[in-house]
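Asker: Provided herewith is a single structure, encoded as structure tokens, for subsequent inquiry.
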Amino acid sequence: MVAKGIRGFVGRTGLGCLTAVTLRIALLGCLLVSATTVIGAWRHLWFRLSGVTVEALVVRQAEELVADWNEPGAARPPAGAAVQMAPARRLYRTIVEFKEDGQSYLIQAQTLSASHLYPLRSHVDVVYAPGRPASARLRPELPDFWLQAGYLLLGTILGAAAVYWWWKLLVRRGRINPLSDGRSNVSGG
């Protein structure tokens, strides 16, 4: 009978500790996700709002050959063969040029496309951080403003909820009262 009672106490205590640790890990995970989301969204929004926008000229289309391993006609090598073959696709990457402070800068688009996204000699806006024109990016390739604002809002709400939940756990721990008559001291005080 005593062994059964001890075993029950140990089981409840172990389960309580596991629950407490799991809650704190979940809260820490929420805070981490919130912080990375807020920081990333804030950086994108700040770059878009405070960046210098200039007009650039499309000067060429860089051609790249990319192996397409998912193509249905891709040759499967026999077992043990050292060489694998796959059909190549021709993709294009836009290269633009702009001048800032008398110096010319070439910027390569991040997006690859099967067709030319921007015709030669067309104009495209580029954005760069003040004083850093070499790190410019094409404006159409920047993350959507409203999507980033939504991420910022959701990350802030998640972080605030996690901090509130953690605070409620700390406050509740101080108010736990095991006795039904309101006494907090088991010895009668």
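Asker: For region 90-114, enumerate the residues that are outside any strand (DSSP E or B), within 27 Å of the chain's Cα centre (by Cα) and of a type in the set (D, E, K, R).
Answerer: none
Yes or no, residue by residue, for (1) touching a Lys or Arg at 6+ places or on another chain (Cβ under 6 Å); (2) modelled with pLDDT of 85 or more; (3) over 30 Å from residue 90 (Cβ atoms):
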site: 8; (1), (2), (3): no, no, yes
site: 19; (1), (2), (3): no, no, yes
site: 25; (1), (2), (3): no, yes, yes
site: 36; (1), (2), (3): no, yes, yes
site: 39; (1), (2), (3): no, yes, yes
site: 66; (1), (2), (3): yes, no, no
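Asker: Looking only at region 112-148, count how many residues are open to solvent by 50 Å² or more (accessible area, probe 1.4 Å) and of a type outside the set (Phe, Trp, Tyr).
Answerer: 19
Asker: To continue, here is another question. Looking only at region 120-141, count every residue that is part of a strand (DSSP E or B), farther than 27 Å from residue 67 by Cβ and in contact with an Asp or Glu (Cβ under 9 Å, 6 or more places away or on another chain) and tell me the total.
Answerer: Number of matching residues: 5.
Asker: Given the conditions (1) under 25 Å from the mean Cα position of the chain (by Cα); (2) of a type outside the set (S, T, N, Q); (3) at pLDDT below 90, and given that residue 87 satisfies all but one, which numbered condition is not satisfied?
Answerer: Result: residue 87 passes all but (1).
Asker: Still on this structure: Pick from 51, 102: which is open to solvent by 70 Å² or more (accessible area, probe 1.4 Å) and at pLDDT 85 or above?
Answerer: 102
Asker: While we're here: Would you mind finding the one in 117, 147 that is outside any strand (DSSP E or B) and within 25 Å of the chain's Cα centre (by Cα)?
Answerer: 147
The values are calculated or read from the model by the stated rules, or taken from the named source; none is laboratory data. Computed from a predicted structure; not experimentally measured. In this analysis, Cβ positions are derived from the backbone assuming ideal geometry, glycine residues included, and neighbour counts consider all displayed protein chains. Ligands, DNA and RNA are stripped out before the accessible areas are found, and what is left, the full protein with its side chains, is counted by its heavy atoms. Shrake-Rupley method; radii C 1.70, N 1.55, O 1.52, S 1.80 Å.
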